[in-house]
Amino acid sequence: MTELSHYINGELVAGTSGRYADIYNPATGEVQAKCPLASTSEVDAAIAKAAAAQPAWEAVNPQRRARVMMRFVDLMNRDMDKLAEALSREHGKTLPDAAGDVQRGLEVVEYCIGAPHLLKGEYTDSAGPGIDMYSMRQALGVCAGITPFNFPAMIPMWMFAPAIACGNAFVLKPSERDPSVPLMLAELLKEAGLPDGILQVVQGDKEAVDALLHSEVIQSVGFVGSTPIAEYIYATGCANGKRVQCFGGAKNHMIIMPDADLDQAADALVGAGYGAAGERCMAISVALPVGDETADRLLEKLIPKVEALKVGPYTSGNDVDYGPVITAAAKENILNLVESGVKDGAKLAVDGRGFSLQGYEDGYFVGPHLFDNVTTDMDIYKKEIFGPVLSTVRTKSFEEALKIAMDNEYGNGTAIYTSDGDTAREFAKRVNVGMVGINVPIPVPLAYHTFGGWKKSVFGDLNQHGPDAFKFYTRTKTVTARWPSGIKEGGEFSIPVME
Ligand code: NAD
């Protein structure tokens, strides 16, 4: 049985707590590795080593720090296939999707190569008589990040790349369900020239998270995961005086207007609803067609596409649209929610309940489900399902569809399909959701913009990546300087000679 490690001070280090989590192969249900779960003292030791290494790293000029990021990008491209394979093996997503997971993190690293520019301060000449004022961005010290299972490459990089480029040390606590890729990334960063101790990877569960939250050394905590844990981490981290940003769960709605290109909309819904088995915080989980005729025409196009989805292990290559979900518990939760939808009276237009894959009967595969006639009081509407289940809520008007999206407690992503610019513009302006797609189903902003939802999808002020990350991982210091006298009067302009 493979035993995974922590990554401390530039080395893979075995766990000493005696506690482990099982890492499953989601396609077969077999345990493929053991992940050590750090004790408080292991976390504290990792933090202490990070704190010892950080001042020297902060003293390295930003351009040289950026060069480490440049080499890191090259090394990830060199090892892309290996990274994607390791990611698929633990997560279950298809290989192209796993490579995309790495790629969207890599793009944030590319953005961080601009650190010298992004860290430039501000300067006011002659703010008063003989007074100049300047602001600089300084590193926080040691920062921490706690990340979810569904993007084990991208989300850690969204955090540690800007933190490190800003001159901080970073302690990452990845998901204990798929922790191998973060270890590989840490090794690549070392190969790229990152000094030991600047990126520590501590595997663990609540005990490790609590150690980070209660450490007096940790200055900031970034979290991505489910909303109840986001609320806990935000409250505890803030109470302990840390800078905290937490990104939580989602329920993303797509409005389909009567004038939409329904072929495009149906294709978009299939990709955005079922890609990665629906285990994406930006997955579309609710379709809001406007008018019964639109709904009927949409479903007519959607049903055969959903029925044709190919579900299987990543080892089947490009022939698979999505893989298994992450654990047996996740599968059970999804199927229970499907049953609740049926019991509550929603119509199961595509029923994936009997799905089984020959040779993989013990894997966590869930067939695609499509619900029609869902209402907003049903659990399948209210709860984040995080599985391959799309719910259709029929609406009578744009206003009704918009109100449903706006009344939902989550506000991560949303989309509208329409051929009318005025409707699209009004939707983008009014909707209380952080990331909006217009004829784009998964509007994940690129690295140089920022990523973040609204409402219960976020706790904190600044978004992830883009310029916000450079604000989150630095503190501003403003200096007001006056020099009352100088050497001007007494300057000597002829070459000194000995008397
Ligand atoms: P999760 O909340 O179960 O776990 C996230 C992290 O928190 C993991 O590292 C885990 O070890 C840790 N954790 C779990 N329970 C804890 C506890 N009781 N105390 C302290 N730490 C704990 O989330 P997940 O299942 O890994 O990921 C799926 C969730 O993440 C979904 O809700 C999804 O919407 C959300 N997500 C949100 C975004 C976003 O940007 N808003 C992005 C990706 C995923």
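The values are calculated or read from the model by the stated rules, or taken from the named source; none is laboratory data. All of these numbers come straight from a predicted model, not from anything done at the bench. Positions of Cβ are generated from backbone atoms using ideal geometry, with glycine treated the same way; all protein chains shown enter the neighbour counts. When the accessible area is computed, the model is the full protein with side chains, heavy atoms only, and any ligands, DNA or RNA have been set aside. Shrake-Rupley method; radii C 1.70, N 1.55, O 1.52, S 1.80 Å.
If I filter region 189-198 down to residues being open to solvent by 10 Å² or more (accessible area, probe 1.4 Å) and assigned to a helix (DSSP H, G or I), which single residue comes out as farthest from the ligand (Cβ to nearest atom)?
E191
For A405, only one of the following conditions fails: (1) assigned to a loop (DSSP other than H, G, I, E, B); (2) touching a residue at least 40 places away in the same chain (Cβ under 8 Å); (3) not aromatic (F, W, Y). What is its number?
Of everything listed in (1) assigned to a loop (DSSP other than H, G, I, E, B); (2) touching a residue at least 40 places away in the same chain (Cβ under 8 Å); (3) not aromatic (F, W, Y), A405 misses just condition (1).
What number of residues in region 149-177 are under 22 Å from A211 (Cβ atoms), surrounded by 24 or more Cβ atoms within 10 Å (Cβ to Cβ) and near the ligand (Cβ under 9 Å from one of its atoms)?
Adding up the residues that qualify gives 4.
Of A260, A250, A230, which residue is near the ligand (Cβ under 9 Å from one of its atoms), in contact (Cβ under 8 Å) with a residue 12 or more places away in the chain, closer than 30 Å to G421 by Cβ and buried (at least 24 other Cβ atoms within 10 Å of the Cβ)?
After applying the criteria, what remains is A250.
When region 212-226 is examined, which residues are found to be in a helix (DSSP H, G or I) and open to solvent by 10 Å² or more (accessible area, probe 1.4 Å)?
Selection gives H214 alone.
If you go through region 314-322 one residue at a time, do you hit one that is of a type in the set (D, E, K, R), open to solvent by less than 30 Å² (accessible area, probe 1.4 Å) and within 30 Å of L446 (Cβ to Cβ)?
No - not one qualifying residue is present in region 314-322.
Here is a list: N412, N439. Which entry is under 22 Å from G248 (Cα atoms) and either in contact (Cβ under 8 Å) with a residue 60 or more places away in the chain or more than 12 Å from the ligand (Cβ to nearest atom) (or both)?
N412
Please specify each residue of region 323-348 satisfying the condition of being more than 26 Å from the chain's Cα centre (by Cα) and either in a strand (DSSP E or B) or surrounded by fewer than 21 Cβ atoms within 10 Å (Cβ to Cβ) (or both).
If the condition is that a residue be more than 26 Å from the chain's Cα centre (by Cα) and either in a strand (DSSP E or B) or surrounded by fewer than 21 Cβ atoms within 10 Å (Cβ to Cβ) (or both), then N336, E339, S340, V342, K343, D344, G345, K347, L348 are the ones that fit.
Being closer than 27 Å to T474 by Cβ, buried (at least 22 other Cβ atoms within 10 Å of the Cβ) and of a type outside the set (K, R) narrows it down to one of V60, V108, so name that one.
V108
Do we find that T294 is over 30 Å from N25 (Cα atoms) and either touching a strand residue (DSSP E or B) at 6+ places or on another chain (Cβ under 8 Å) or at pLDDT 95 or above (or both) in this structure?
Yes: the conditions hold for T294.
In the set R65, R71, which member is among the basic types (K, R) and open to solvent by less than 40 Å² (accessible area, probe 1.4 Å)?
Of the residues listed, the single one that is among the basic types (K, R) and open to solvent by less than 40 Å² (accessible area, probe 1.4 Å) is R65.
Based on what the data block shows, is V286 within 16 Å of the ligand (Cβ to nearest atom), surrounded by 20 or more Cβ atoms within 10 Å (Cβ to Cβ) and assigned to a loop (DSSP other than H, G, I, E, B)?
When the stated conditions are applied, V286 does not pass them.
From the residues in region 127-141 that are in a strand (DSSP E or B) and modelled with pLDDT of 95 or more, which one is nearest to F72 (Cα to Cα)?
A139
Name, by its number, the condition in (1) surrounded by 24 or more Cβ atoms within 10 Å (Cβ to Cβ); (2) under 17 Å from A50 (Cα atoms); (3) out of contact with any Leu (no Cβ under 6 Å at 6 or more places or on another chain) that does not hold for V201.
(3)
Just to be sure I understand, how many residues within region 444-478 are open to solvent by 40 Å² or more (accessible area, probe 1.4 Å), part of a strand (DSSP E or B) and either modelled with pLDDT under 95 or away from the ligand (no atom under 14 Å from the Cβ) (or both)?
Summing the residues that are open to solvent by 40 Å² or more (accessible area, probe 1.4 Å), part of a strand (DSSP E or B) and either modelled with pLDDT under 95 or away from the ligand (no atom under 14 Å from the Cβ) (or both) in region 444-478 gives 4.
Only residues in region 190-214 that are closer than 30 Å to C238 by Cβ count as the first member; pair them with residues that are away from the ligand (no atom under 16 Å from the Cβ) and open to solvent by 30 Å² or more (accessible area, probe 1.4 Å), Cβ under 6 angstrom, at least 6 apart or cross-chain, and list the lot.
Here the result reads G197/N9; G197/K49, each pair linking region 190-214 to a residue that is away from the ligand (no atom under 16 Å from the Cβ) and open to solvent by 30 Å² or more (accessible area, probe 1.4 Å).
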